[in-house]
Amino acid sequence: MKRIVILISGRGSNMEAIVQRCAAEGWPARVAAVIANRPDAQGLAYAAARRIATAVVDHKQHPTREAFDAELARVIDGFEPDLVVLAGFMRILGEAFVRRYEHRLLNIHPSLLPAFPGLHTHRRALEAGCKLAGATVHFVTPELDHGPIVMQAVVPVLPQDDEHALSARVLATEHVIYPQSVRWFVEGALRLDEGRVLQRDGAAQLLIG
Ligand code: GAR
């Protein structure tokens, strides 16, 4: 049984999608803990109701990024994870932290990376007149919103879209590609090859939503 630790900052809908599919599909894994950097992260209640261990490492209680990262790593390591999943975790993690979990740290970002790293991705895609938007699951490297791409989802940008409509369309695809990517990881179906991620069975690593 692989052990998954999920880090959240707020709503936690991607975490919920992973928890649900893990249970429904009988993955060779379980979600060992959900950890938030904010005591008021809504997703904590969902995890607790599912009898998943929860913890809070409040970034405001730590004077430096290094101190926060070190405490976060200490709490994570207590759950002995095979995989750490960033699911709407809105803190930048330092290089030492990222290296500690190298090749077992996944993130989802609401854009078609390498376009639009950082914040306000949907607003920026609309302002740029993009006709396509989407989301990316990737292994985390020290560079922000960067690293080998596991899976991407693509959706159309419609003429009447505002940020809210576009983000909802993208989020629906996140709830498909993130559980799928985590499942592949825990099944040992992902391989890194010169910075690219290959799926063992040649399954599509692209969702057209
Ligand atoms: C998701 O859209 C996720 O892609 C994004 O935050 C949202 C979290 O929603 N993550 C980032 O922007 C990370 N850079 P959720 O809490 O409901 O999963």
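Size estimate for the stretch 120-163 follows the Kirkwood approach: the inverse of mean 1/r over distinct Cα pairs works out to 11.7 Å.
The magnitude of the dipole of the stretch 145-209, with charges of +1 and -1 set on the Cβ of Lys/Arg and Asp/Glu and taken from the Cα centre, is near 280 debye. In plain terms, if you count all Cα to Cα distances in the chain and split them into 10 Å steps from zero, the share in each step is 9, 35, 38, 17, 2 percent. Across the stretch 1-120 the C-alpha pair distances fall into 5 Å bins from zero in the proportions 2, 11, 21, 25, 21, 13, 6, 1, 0 percent.
From the Kirkwood radius over Cα pairs of the stretch 86-166, Stokes-Einstein at 37 °C and 0.692 mPa s returns a whole-number translational diffusion coefficient of 247 µm²/s.
Summary value for the chain: 19 percent relative contact order, contacts being C-alpha pairs under 8 angstrom separated by 6+ residues.
Dividing the convex hull volume of the alpha-carbon atoms in the stretch 51-91 by its residue count gives 89 Å³ per residue. Relative to the longest principal axis of the Cα atoms of the chain, the long axis of helix 13-25 makes an angle of roughly 80 degrees. Across the stretch 128-208, the volume of the C-alpha convex hull divided among the residues equals 109 Å³ per residue.
Laboratory data are not the source of any read-out in this text; all were calculated from the coordinates shown. None of these values were measured; they are calculated from a predicted model. Cβ sites come from the backbone with ideal geometry, for glycine too, and all protein chains shown count toward neighbours.
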